[in-house]
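Here's the structure, in structure tokens; my notes come after.
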Amino acid sequence: MSKQMDRIEKLERDCFTLREALKALILNDRRCMHEVGAKCVTGEFGDGEQDDIELGIRFYKKGAMLGDIDCQWDYAMMLYSGEHMPRDKRKALFWFKKAMENPSAASVYELDRKKDAREMYEIVSAELAGKKKAGKKKKQSRNPKTQNKS
């Protein structure tokens, strides 16, 4: 009986997620984009395979482009950490900036998310600036006149 109840609960969760996915796709509902993306990435929807994760990332990206602050944050964090996708600090910086400047953030939670995004923006900016400075080392002169003669 327990196995049957577990199956029924999983089907109910999956049906809810499918409805949310359809709503997200048909209506371009950015909140649904985040819900479905999170369920795909965490394996709650599907089997947690790479295809599910890639689908979740696509939902995050689409929601981020539609202006959902949670999608912007999660997509930026995945880009920054390189979790389930190639690491790209420049793109992460772009999405952290979008999240910290998000005009639709109204709730206390979203305002906290904006503060977190600002902190991450500053961290990533500093990392990228440090990388640029390290890449611009002084070139040594190859002029034989300026070199010491032994």
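The values are calculated or read from the model by the stated rules, or taken from the named source; none is laboratory data. These numbers were taken from a predicted model, which means no experiment stands behind them. All Cβ positions, even for glycine, are placed from backbone atoms using ideal geometry, and neighbour counts span all protein chains on display.
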Q. Applying the selection to region 49-106, what residues are in a helix (DSSP H, G or I), over 14 Å from Met120 (Cα atoms) and of a type in the set (Ser, Thr, Tyr)?
A. Tyr60
Q) In region 56-104, how many residues are among the small types (Gly, Ala, Ser), surrounded by fewer than 21 Cβ atoms within 10 Å (Cβ to Cβ) and farther than 18 Å from Cys32 by Cβ? A) 2
Q. Taking into account only those residues within region 16-48 that are at pLDDT 75 or above, closer than 22 Å to Ala105 by Cβ and of a type in the set (D, E, K, R), which is farthest from the chain's Cα centre (by Cα)?
A. Asp29
